[in-house]
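The values are calculated or read from the model by the stated rules, or taken from the named source; none is laboratory data. Source: prediction; values computed, not measured. Here Cβ is always computed from backbone atoms with ideal geometry, including for glycine, and neighbour counts include all displayed protein chains. Keep in mind that these areas ignore ligands, DNA and RNA; they rest on the heavy atoms of the full protein, side chains included. Shrake-Rupley method; radii C 1.70, N 1.55, O 1.52, S 1.80 Å.
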Amino acid sequence: MIRAVDIKKSFGDVEVLKGISTTFDKGKTNLIIGRSGAGKTVFLKILVSLFQPTEGQIFYEDTDITKLNKRQLIEIRKDIGMLFQGSALFDSMTVEENIRFPLDMFTNMTRKEKEDRVNERLEVVNLEGSNKKYPGEISGGMQKRVGIARSIVLNPKFLFCDEPNSGLDPKTSLVIDELIQQITVDNQITTVINTHDMNSVMEIGEKINFLHMGKLAWVGHKSEVLDSDNQLLQEFIFASPFLQRLRDKALGK
Amino acid sequence: MFSFIFRAIHGFFYEIGKYFLLLRLMIARPEKASMYWKETMRQMNDIGVGSLIIVCLIALFIGAVSAIQFAYQLEGTFVPLYYTGYIVRDMTIIELAPTITCLVLAGKVGSNIAAEIGGMRQKEQIDALEIMGVNTAAYLVMPKLIAAVIVIPMLVFLAAIVSIMGGYIAAVPTGMIGHDAYVLGLRSFFDPYNVFMMFVKALVFGFILTSVSSYQGYFVKGGSIELGRASTNAVVLSDVIILLADYFITLLMT
């Protein structure tokens with residue numbers, strides 16, 4: 001479990017996060033949603049300690065990571081996997097080399113063991129046979145899946161995904177969402193997803209944290225979204241007239 | 001006016017501080033020595049083998065032009081013509097081989113390093129490495145620095161030899177100076193200390209051009225325009241600092 005306690009973050013005079021306290025549960029897909037500029041990415045970067053909060057604490061189980069020095073942070077990061085918005089694959093390495101990189105860097109596994117682990121992860125993300133391709137030779141959706149494979153290759157306890165569906169078509173987005181949820185449940189890891197994809201919210205939102213202008217405006221399960229009386233959340237989720245009609249139909253209005 | 005000067009001084013020391021902070025972060029125990037070794041070998045190949053042709057070409061012509069110029073200048077004077085070989089040799093060893101080679105390498109290797117690391121920063125690849133638990137300052141900069149301080153002195157040594165050969169090719173077959181005179185000049189007044197100075201310069205310049213370029217790339221912010229600017233800054237700053245270092249090394253060692 002990850003616990004954020006009263007997180008504040010300012011850049012100069014601009015206060016981006018205004019005291020966020022929430023928890024991210026183990027074995028669940030925890031979502032951070034909100035409009036552009038709501039502070040989602042900053043919050044996610046604070047959660048993985050790429051940014052330091054101006055105030056507040058982040059607990060991974062019982063460890064406050066905001067108090068760790070660089071060396072201790074490097075240790076704890078070995079338990080973290082992260083999927084970046086642009087996948088962040090190394091261009092000069094093949095798919096196989098990208099996924100194997102953490103194994104090469106941090107384990108003493110034999111060549112055969114590494115090969116087996118890479119193939120196993122490629123199978124999980126349905127990319128068998130793509131070992132020798134370079135990131136530039138595969139589609140955006142495939143790159144995301146390689147990114148997921150790389151992020152889970154060391155069996156992390158915590159998985160973070162920054163906009164996993166950005167730039168993908170709805171069908172591929174669904175595949176990525178299902179994949180992340182399956183990995184979360186199968187491995188009982190704490191997954192935090194930063195998204196503004198409404199399909200993701202309604203499909204895999206087991207715990208949704210809705211940010212609005214740097215504050216936590218609503219927390220709940222996907223099944224509670226429809227009945228919520230939070231005006232900001234309703235305006236955000238059902239922004240288009242089409243979705244509003246769908247909601248009204250579902251509610252029998 | 002005062003606030004402008006204050007901001008400029010503050011900015012200067014801020015950048016210097018960040019540069020040394022990067023160097024300090026870089027000095028750490030590697031997560032996996034074999035991975036650093038592999039990366040160092042790749043960099044040695046990129047910096048060394050990748051720069052062979054341009055370094056040799058420039059050295060060849062510098063030697064050739066120097067020899068022709070001096071042979072022409074010495075003609076009809078009381079200075080013996082064999083001094084051409086002596087002047088080309090010492091000028092090459094003391095100044096031209098280390099300085100010109102490293103200025104050229106700052107353009108070729110330096111801009112490449114800044115663009116490579118800066119590109120990784122922009123594509124979040126550095127963040128990805130950080131999240132994995134990799135010390136990015138060490139993994140991305142240290143292999144380049146080690147490779148540079150090994151390979152660049154070799155390139156400079158090669159440049160010195162090629163330059164002297166270039167002088168021979170330009171001056172002897174054309175009849176400007178005889179074979180024996182040129183070789184006599186090369187053998188005259190030789191001081192091995194100059195070769196030592198050449199290696200000191202090559203080592204220091206190699207360190208400067210690699211670390212400054214890495215710094216420019218590592219802290220790049222923004223998009224493609226900023227990346228281009230970082231690449232240009234890497235070359236310009238490396239060149240200026242190399243020239244300054246050249247002055248101080250010469251002052252201290254002669």
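Some points to look at:
- Residues that are more than 22 Å from A:Glu15 (Cβ to Cβ) and within 14 Å of another protein chain (Cβ to nearest Cβ), drawn from region A:44-64: A:Tyr60
- Residue identified as more than 16 Å from the chain's Cα centre (by Cα) and either open to solvent by less than 50 Å² (accessible area, probe 1.4 Å) or free of Cβ contacts under 8 Å to residues at least 60 places away in the same chain (or both) among B:Val88, B:Val104, B:Val149: B:Val88
- Whichever residue in region B:108-140 is open to solvent by less than 10 Å² (accessible area, probe 1.4 Å) and out of contact with any Gly (no Cβ under 9 Å at 6 or more places or on another chain) and, among such residues, is farthest from B:Phe205 (Cα to Cα): B:Gly133
- Sole exception among (1) of a type in the set (A, V, I, L, M); (2) within 15 Å of the chain's Cα centre (by Cα); (3) open to solvent by 30 Å² or more (accessible area, probe 1.4 Å) for A:Leu216, by number: (2)
- Scanning region B:153-197 for residues that are surrounded by fewer than 17 Cβ atoms within 10 Å (Cβ to Cβ) and outside any helix (DSSP H, G or I) gives B:Pro173, B:Thr174, B:Gly175, B:Gly178, B:Ser188, B:Phe189, B:Phe190, B:Asp191.
- Any chance A:Ile176 is in contact with a Cys (Cβ under 8 Å, 6 or more places away or on another chain), in a helix (DSSP H, G or I) and crowded, with 17+ Cβ neighbours inside 10 Å: no
- Region A:64-91, residues that are over 19 Å from A:Pro102 (Cβ atoms) and open to solvent by less than 50 Å² (accessible area, probe 1.4 Å): A:Asp64, A:Ile65, A:Thr66, A:Leu68
- Residue list for region B:27-41, restricted to those being within 12 Å of another protein chain (Cβ to nearest Cβ), at pLDDT below 90 and either under 23 Å from the mean Cα position of the chain (by Cα) or crowded, with 17+ Cβ neighbours inside 10 Å (or both): B:Pro30, B:Glu31
- Residue in region A:143-150 that is out of contact with any helix residue (DSSP H, G or I) (no Cβ under 8 Å at 6 or more places or on another chain), modelled with pLDDT of 85 or more and buried (at least 21 other Cβ atoms within 10 Å of the Cβ) present: yes
- Inter-residue pairs, beta-carbon under 9 Å, first within 14 Å of chain B (Cβ to nearest Cβ) and in region A:103-124, second outside any helix (DSSP H, G or I) and of a type in the set (Val, Ile, Thr), 6+ apart: A:Leu103/A:Val153; A:Met105/B:Val134; A:Phe106/B:Val134; A:Lys114/A:Thr107
- Residue count for region A:151-173 satisfying the condition of being crowded, with 17+ Cβ neighbours inside 10 Å and either assigned to a loop (DSSP other than H, G, I, E, B) or within 14 Å of chain B (Cβ to nearest Cβ) (or both): 15.
Table: residues versus (1) in contact (Cβ under 8 Å) with a residue 12 or more places away in the chain; (2) under 22 Å from A:Val95 (Cβ atoms); (3) charged (D, E, K, R).
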{"position": "A:Lys157", "(1), (2), (3)": "yes, no, yes"}
{"position": "A:Glu163", "(1), (2), (3)": "yes, yes, yes"}
{"position": "A:Gly167", "(1), (2), (3)": "yes, yes, no"}
{"position": "A:Thr172", "(1), (2), (3)": "yes, yes, no"}
{"position": "A:Thr195", "(1), (2), (3)": "yes, no, no"}
{"position": "A:Glu203", "(1), (2), (3)": "yes, no, yes"}
{"position": "A:Leu211", "(1), (2), (3)": "yes, no, no"}
{"position": "A:Gly214", "(1), (2), (3)": "yes, no, no"}
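- B:Val240 being more than 15 Å from B:Asp90 (Cβ to Cβ) and surrounded by 15 or more Cβ atoms within 10 Å (Cβ to Cβ): no
- Taking region A:228-253 as the range and being in a loop (DSSP other than H, G, I, E, B) and open to solvent by 90 Å² or more (accessible area, probe 1.4 Å) as the test, the residues that pass are A:Asp229, A:Lys253.
- Selected residue (criterion: farthest from B:Ser163 (Cα to Cα)) from residues of region B:42-63 that are surrounded by 15 or more Cβ atoms within 10 Å (Cβ to Cβ) and not aliphatic (A, V, I, L, M): B:Gln43
- B:Arg7 being more than 14 Å from chain A (Cβ to nearest Cβ), open to solvent by 90 Å² or more (accessible area, probe 1.4 Å) and either under 23 Å from B:Phe219 (Cα atoms) or at pLDDT 90 or above (or both): yes
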